1. Taking the Cα centre of the chain as origin, work out the dipole magnitude from +1 charges on Lys and Arg Cβ and -1 charges on Asp and Glu Cβ, in debye rounded to 20.
2. Provide the FRET efficiency to the nearest 0.05 for the L93-I251 pair, computing r from the beta carbons and using R0 = 22 Å.
3. Rounded to the nearest 0.05, what FRET efficiency do L225 and K184 give with R0 = 25 Å and r taken as the Cβ-Cβ distance? Could you check?
4. Among N242, N229, N85, determine the one that fluctuates most according to a GNM of the chain built with springs between C-alpha atoms less than 10 Å apart.
5. Please work out the ratio of the alpha-carbon Rg of segment 148-212 to 2.2 N^0.38 Å and round it to two decimals.
6. Per residue of the chain, what 222 nm ellipticity follows from adding -39500 (n - 2.57) for every DSSP H run with n ≥ 4, rounded to the nearest 500?
7. Which GluC sites (Glu not before Pro) from segment 39-137 combine a DSSP loop assignment with at most 11 other Cβ atoms within 10 Å?
8. Counting heavy atoms of the protein chains only and a 1.4 Å probe, report the per residue accessible area for the chain as a whole number of Å².
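The values are calculated or read from the model by the stated rules, or taken from the named source; none is laboratory data. Keep in mind that what you see is a predicted model, and the values were worked out from it rather than measured. When we count neighbours, we look across all protein chains shown, and the Cβ atoms used for this are built from the backbone with ideal geometry, even at glycine. In case anyone asks, the SASA skips ligands and DNA or RNA and just uses the protein heavy atoms, side chains included. Shrake-Rupley method; radii C 1.70, N 1.55, O 1.52, S 1.80 Å.
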Amino acid sequence: MKKLILIITIVMIKNISLSAQNKKILFVLSTADTLELNKGQKLRQTGVFLNEFYLAYKSVSENGYTVEFATPNGVVATIDEESINDKYWKEILEIKNEAVEFITKDNSFNNPITLENAIENHDNYIGIIIPGGQGLMIDLIENKNIPTLLKHFAKENKPTGLICHAPSLILTIPAEENPYIGYKVNSVSPIEEFVIEKFIMKGKPKNTKIARQLRKLGLKYKSGLPKSNFAIKDRNLVTSQNPFSGNSFNILYLEALTEYLETKK
């Protein structure tokens, strides 16, 4: 009898552990805080775009998933000051206040693991999300851990969400081993890149023309109108266009999570 109870207890603990793992999402965030424009002639503050990060976080959290944050060297992510502007939070200003409080007080956000730890623990996550912002065009796009992480999630068909500028990280995977060639993909559009550079940043960054590069690699790039609520899901990959695409991204990413869990039953 004692032996039977012990076996049942072990099975229950194992199932609880598996359940926790099946509900954990990895968020990878940039820590870059300064963007060079016009070949270094101008400097601009940069980082993660707050609503692209927080709306995705809020969506998965409110649907029963837990989140772990990872950054280069385990340093706390930088938030782009531009993204706190009310114009990116139309009709959801109360959520902006919630987001600002979150990045100040949340223990998990302020104690991220390293990207190396994330690679070691990749089996613990059901999916990955990388929010946009110009910051990732400085550090994540140059980080050798990013292609390794993306290939892990692609190999296991785990939901991979790349927001606005983040689809550019697909370019870090060499063509001969890139699992996403042939996929439909979205990202910040050429028109939006032009507007950002001309009227918001008033300068040109080193890494640009994301759509053209994705097409050249062999992906099927599609976009919506500027500032549209637009996202695309192709198998396990969910990509979105801009700070106003949160609703479309969240719907498709949750759909991808549901589909993945169905395959594990």
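1. Details: 33 positive and 29 negative charges, 154 e Å.
The dipole of the chain has a size of about 740 debye.
2. Working: r = 22 Å, r/R0 = 1.00.
Efficiency, rounded to the nearest 0.05: 0.50.
3. Values: r = 17 Å, r/R0 = 0.70.
FRET efficiency, L225 to K184: 0.90.
4. Highest fluctuation among the options: N85.
5. On the way: Rg = 13.7 Å, N = 65, 2.2 N^0.38 = 10.7 Å.
So segment 148-212 has a normalised radius of gyration of 1.27.
6. Values: 8 runs with 95 residues, N = 265.
Calculated at 222 nm, the ellipticity per residue is -11000 deg cm²/dmol.
7. Working: sites: E52, E62, E68, E81, E82, E91, E94, E98, E101, E116, E120; in loops: E91.
Sites meeting the loop and neighbour criteria: E91.
8. Working: 13110 Å² over 265 residues.
Result: 49 Å² of accessible area for each residue.
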